[in-house]
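Where a number appears in this text, it was derived from the coordinates with a stated rule and is not lab data. The model shown is predicted, which means the values in this text are computed figures rather than measured ones. Here the Cβ is made from the backbone with ideal geometry for all residues, glycine too, and neighbour counts use every protein chain on show.
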Amino acid sequence: MKKTLLILALLTASFGAFSQKNTSLAYIEQFKDNAIQIMHETGIPASIILGIAMHESGCGNSTIAQNLNNQFGVKGGGGAVFYKHQKKVRSAYKKYDSILESFDDFARIITQRQQLGRISDQLTQYDYVKWVKGIQKSGYASSRKWGAQVLGIIRKYQLNDLDQTPAEQAQTAQVTTTPADAPDLKK
């Protein structure tokens with residue numbers, strides 16, 4: 001009987017932890033407006049902001065995302081401390097007071113760091129492929145697969161659609177409307 005109760009408790013705890021994980025679509029929905037706002041303020045494509053955040057944080061599910069609000073894998077900040085399974089963990093990653101503070105700091109890093117600042121001066125919000133390649137070349141990530149992985153996320157979820165202005169999005173919607181669906185303007 002005790003074994004059954006223990007197994008049931010473990011399954012319930014596992015299911016509870018599993019159900020609390022963010023999905024990719026929920027993460028996009030939660031942060032797309034913030035990414036678009038940052039894009040308009042800085043010129044960094046919203047697709048880049050969200051694609052990198054999704055990749056680096058596992059859609060907000062990674063340990064550093066959960067415990068440090070760090071969505072971009074930014075290191076530094078004086079050795080942040082958090083507790084995991086009742087053990088004290090010292091981290092080389094930066095701790096933020098909020099997730100949005102993490103987004104703002106990422107934009108600052110991309111626009112103000114010397115090796116990254118040139119990218120924002122040379123590219124527009126529509127050049128997401130060149131942005132990824134430039135960020136990777138600058139040393140943001142050490143993995144050779146990083147750029148391909150971020151581009152895969154952007155393409156899979158069509159995040160580059162967020163890089164359009166509202167007028168461009170409306171125009172794209174009109175182009176995709178079939179004549180049968182188009183409103184009759186003669187009335």
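The local environment of residue 101, defined by Cβ-Cβ distances under 12 Å, has a net charge of 0 under the rule Lys, Arg +1 and Asp, Glu -1. Annotation: extensible slack from residue 23 through residue 133 equals 37.0 nm (criterion: 0.36 nm per residue apart, minus Cα-Cα distance).
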